[in-house]
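Taken together, the values in this text are just the output of simple stated rules run on the coordinates, not laboratory data. Small disclaimer: the values here were computed from a predicted structure and weren't measured. Here Cβ is always computed from backbone atoms with ideal geometry, including for glycine, and neighbour counts include all displayed protein chains.
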């Protein structure tokens, strides 16, 4: 639309220019080397100027597109951050209820958490967690019951969401230990959600025991 408007304006200038050029040619001396050469009136946009204007417009449009992408990414991060907390509470309530859970729903909820946690990990670009992550993996390996994994997942989500790096202002430098802790918690959320998906799927396929 902007290019069409620019061409229309340039066309109007060109039409006015042609009229002025004809009048000017009638009064010029006949002895000129090129009596029929068109004369551009003042204010007429030349090709280089037109190219520069179109380039500037293109750059502005690209900048707007990049700004929209950044806004969409920030919106998605905020949504994922809030959503994994809600889903974590849902799974914690499954444990508190004490009744046989809906394994299919548990698997779907854990899958949603895993997708959102993975997306957060990629967006935040947190550094590797190192030795503490190895220790966490060893601790989680001992958790084989679904209830214990659900509780651990809920605790990890709470720990991640309550990290000081998400509470402080953007201008304040983040503490390296807090950043490392956020990576450990997020990795644990992803790891536990994967194990919960597998365990819930297995339980849903197991035959129901009759009394």
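Using a cutoff of 8 angstrom between alpha carbon atoms and counting only pairs six or more residues apart, the relative contact order for segment 70-205 works out to 39 percent. Taking other C-beta atoms within 10 angstrom as a stand-in for reagent exposure, 145, 108 fall in the order 145, 108, fewest first.
Arrange the following residues from fewest to most other Cβ atoms within 10 Å of their Cβ: 149, 77, 89. All intermediate terms of the calculation are to be shown ahead of the outcome.
Numbers: 149 23, 77 15, 89 12.
Listed from fewest to most nearby Cβ atoms, that is 89, 77, 149.
Rounded to the nearest 0.05, what FRET efficiency do residue 205 and residue 108 give with R0 = 22 Å and r taken as the Cβ-Cβ distance? Could you check? The formula returns an efficiency of 0.90 here. Computed on segment 62-131, with alpha-carbon pairs under 8 angstrom and 6+ residues apart, the relative contact order is 44 percent. The gain in end-to-end length when the residue 86 to residue 198 segment is fully stretched comes to 38.2 nm, 0.36 nm per residue minus the alpha carbon separation.
Using Cβ contacts closer than 10 Å as the measure, can you line up 146, 192, 124 from fewest to most? Spell out each step's value before the answer.
Numbers: 146 20, 192 28, 124 15.
Result, fewest neighbours first: 124, 146, 192.
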